[in-house]
Structure formats: C-alpha cells, structure tokens
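Before any comments, here is the structure.
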Amino acid sequence: KEAIFKIETRAILEGLRLAWKKGIHQLEVESDNVLLIETIVEGVAEDNRLMELRRIYQMVCRGWKACFRHLPRTHNAVVDHMVKVMASRFTEIQVFEFPPHSMRDLVQEDYFRSSKANEPIY
C-alpha cells in the first residue's frame with residue numbers, strides 16, 4: 001500500500017508541475033485515494049517525511065487556485081482504463097490534450113458521474 005501511495009502522490013505532483021508549466025493556475029485535482037487528499041488538504045503535507053508531499057505543499061503555496069477532492073473509485077473509470085491501456089506500453093508520463101477517440105464515451109460518463117459526486121474540498 002505504501003508503494004501505491006507514493007505512486008499516486010508522484011502522479012499528483014507531476015500533474016501540478018505540468019499545469020504550472022503550461023500556465024494553468026486554476027485547477028481541480030481528483031483522486032480516489034482519500035488519505036492522500038486529506039493529507040494535502042489538512043496541511044499535513046508540509047512536514048511530511050515523503051518528499052513528494054512536501055513538494056505538493058510548496059506547489060500549492062505558489063498562489064494559484066487548486067481544489068483537491070476525493071473521487072470514489074466508481075467515478076474514476078477513465079483513469080482506471082488509461083492506466084490499464086498505457087501501463088503496458090509506456091514507462092513515462094503521458095499527456096493527452098484530448099482523450100483518445102476510444103475513450104470519449106468513458107470521459108463523458110465520468111464527467112456526469114463526478115459532477116454528481118461530493119462537493120469539492122478546498
């Protein structure tokens with residue numbers, strides 16, 4: 001479980017770095033890892049022993065609007081599908097400006113499900 005937590009933490013950190021680099025200073029970050037989201041939102045990341053969590057804290061303090069929220073796994077079909085498809089082909093971060101054609105229906109379904117999910121945590 002610790003390895004999964006680190007991987008998911010690293011994914012959020014890399015996503016924040018990419019957003020900042022692209023000039024995106026307002027975003028929502030969703031994860032099905034409730035412990036990770038709570039750690040970030042409650043400010044525990046600042047003094048955490050995990051370097052990636054400390055870096056996330058530093059990134060969030062840069063003065064942008066970042067909303068972190070827990071998204072139940074059942075509302076995360078797109079990410080689950082992308083991980084399964086891409087994991088066997090790539091070892092580096094993949095950036096999609098637009099979802100692959102085969103996933104557009106999943107994206108739309110995920111959007112409608114997530115819009116009905118819990119309110120954001122700020």
Query raised in the report: Tell me, which helices (runs of 4 or more DSSP H) lie completely within the range 13-122 with 3 or more residues that are in contact with a helix residue (DSSP H, G or I) (Cβ under 7 Å, 6 or more places away or on another chain) and modelled with pLDDT under 75?
Result: 77-87, 104-115
Query raised in the report: Mind checking whether some residue in the range 37-57 is within 11 Å of the chain's Cα centre (by Cα) and among the hydrophobic types (A, V, I, L, M, F, W, C)?
Result: yes
Query - Flag if residue 32 is of a type in the set (D, E, K, R) and loosely packed, with under 13 Cβ neighbours inside 10 Å - result: no
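The values are calculated or read from the model by the stated rules, or taken from the named source; none is laboratory data. For clarity, every value in this text was computed on a predicted model and none was experimentally measured. Note that we place each Cβ from the backbone using ideal geometry, even for glycine, and neighbour counts take in every protein chain shown.
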